[in-house]
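A.B. asks: Before I ask anything, here is the structure I am working with.
The numbers here are math on the coordinates, done by the rules we state, and not lab data. Bear in mind the structure is a predicted one, so any value in this text is a computation, not a measurement. Note that each Cβ is placed from the backbone with ideal geometry, even for glycine, and that neighbours are counted across all protein chains shown.
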Amino acid sequence: MKLTKLFILLFPLLSFALGVNAQQSEGEDAAVASIASNELILVGGATGQTGRLVVQLLREQGYRVRGLTRDKESAIKQFGTEIEWVEADVRNPDTLQPAFDGVNKFISAIGASNRDPENGPEQVNYIGVKNLVDAAKSNRVKRFVLMSSRSVERAVNDLNQAPNDPLIWRFKGEEYLRNSGLVYSVVRASGLRNSLGGENGVLLSQTDESGLRYVTRADVAAVMVECLANPDARGKTFKVFNVLADDPESWRDDFAELQTD
Ligand SMILES: NC(=O)c1ccc[n+]([C@@H]2O[C@H](COP(=O)([O-])OP(=O)(O)OC[C@H]3O[C@@H](n4cnc5c(N)ncnc54)[C@H](OP(=O)(O)O)[C@@H]3O)[C@@H](O)[C@H]2O)c1
């Protein structure tokens, strides 16, 4: 058995015996931190296809979870009351203050709507992210993990060609977070798929990739949850792709190789 795994199994016992404070998880081994933590995690987009997988993983790892939704009644109807729900809209900063009350860390899997022009890329991916960042800052949130899109690069690489590309708003949202002073990770997902997670490898990349690449929502969720506690994920923007790999879990050790922004 690997030493880390042995430590994970023994940690609760050791911490009880030694009187170690489980809250002192910052900078500790990621897996140990997630198991030992009693932190409250706010999940933006908790009703969405990726966000609900984030919620599931967090619960499996023993975190306390609060889901953010624009319609609490509908969220409870669909997902029940196993987690706490809070009603908020990223376009309205007043609703975000209570949502962040007591929150230690935040993951956003929020996405703009294609159908509702009042909830489009500028309002959600830029103004909404800005409002989330401000609320996280004023509540001293320790980690902010933002789900973004690989395609942001397409627009950003040629700003002159793409002044009206909706992806520019996503980039502006990312930039606001990068310049906020918060401890963050920006996870740029490639084309999302709903197949099972943990079946293929995951590539964390900061280079230009060409051709079509995909990633399962479950693997994106796993990467974002890992970012909450892994010290090597701090202050980094990177893309995630599925790749063939002998060990589907080896990506967890790859954060250290990524450049800080
Ligand atoms: N499709 C792709 O291939 C692809 C690739 C890379 C990245 N992405 C991005 O990945 C993210 C997640 O995708 P997904 O398909 O999992 O999302 P999804 O199922 O469409 O869920 C979107 C979530 O955003 C929330 N939301 C929307 N507007 C909001 C607002 N104004 N205030 C608060 N919450 C709001 C919704 O919550 P309520 O309705 O409960 O309020 C919902 O939970 C999106 O940003 C998407 O653009 C997609």
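A.B. asks: Counting other C-beta atoms within 10 Å, which of Ile110, Ile168 has the fewest, and how do the rest follow?
C.D. replies: Working: Ile110 24, Ile168 19.
Listed from fewest to most nearby Cβ atoms, that is Ile168, Ile110.
A.B. asks: Fewest Cβ neighbours within 10 Å first, please rank Arg115, Arg234 accordingly.
C.D. replies: Placing the least packed residue first, the sequence is Arg115, Arg234.
A.B. asks: Antiparallel versus total DSSP beta bridges in the range 132-261: what percent is that, nearest 5? Walk me through the intermediate numbers first.
C.D. replies: Numbers: 5 of 19 bridges.
Rounded to the nearest five, the antiparallel share is 25 percent.
A.B. asks: Asn92 to Leu244: FRET efficiency via 1/(1 + (r/R0)^6), r the Cβ-Cβ distance, R0 25 Å, to the nearest 0.05? Walk me through the numbers on the way to the answer.
C.D. replies: Working: r = 44 Å, r/R0 = 1.77.
According to the calculation, E is roughly 0.05.
A.B. asks: On a 20 Å Cα-Cα criterion, which of the cross-link pairs Lys137/Lys239; Lys105/Lys130; Lys137/Lys236; Lys105/Lys236 come out too long? Intermediate results must be reported in sequence, preceding the final value.
C.D. replies: Numbers: Lys137/Lys239 25 Å; Lys105/Lys130 16 Å; Lys137/Lys236 18 Å; Lys105/Lys236 16 Å.
Check vs 20 Å cut-off fails for Lys137/Lys239.
A.B. asks: Could you tell me which of Gly48, Leu167, Leu96 has its Cα farthest along the dipole of the range 38-257 towards the positive end, charges placed at Cβ (Lys, Arg +1; Asp, Glu -1), taken about the Cα centre?
C.D. replies: Leu96
A.B. asks: Taking amide H atoms as placed 1.01 Å from N in the peptide plane, list the residues 5 or more away in sequence, or in a different chain, whose amide H sits under 5 Å from that of Asp101.
C.D. replies: none
A.B. asks: Same structure again: Give me D for the range 38-257 in µm² s⁻¹, whole number, from Stokes-Einstein with Rh from the Kirkwood sum over alpha-carbon pairs, 10 °C and 1.306 mPa s. Working shown, then result.
C.D. replies: Numbers: Rh = 17.4 Å.
Calculated translational D: 91 µm²/s.
A.B. asks: If you keep only loop residues by DSSP, which GluC sites (Glu not before Pro) in the range 183-261 have at most 15 other Cβ atoms within 10 Å of their Cβ?
C.D. replies: Sites meeting the loop and neighbour criteria: Glu199, Glu209, Glu249.
A.B. asks: Something else now. Scan the range 37-99 for GluC sites (Glu not before Pro) in coil per DSSP, keeping those whose Cβ has at most 12 other Cβ atoms within 10 Å, and list them by number.
C.D. replies: Glu82
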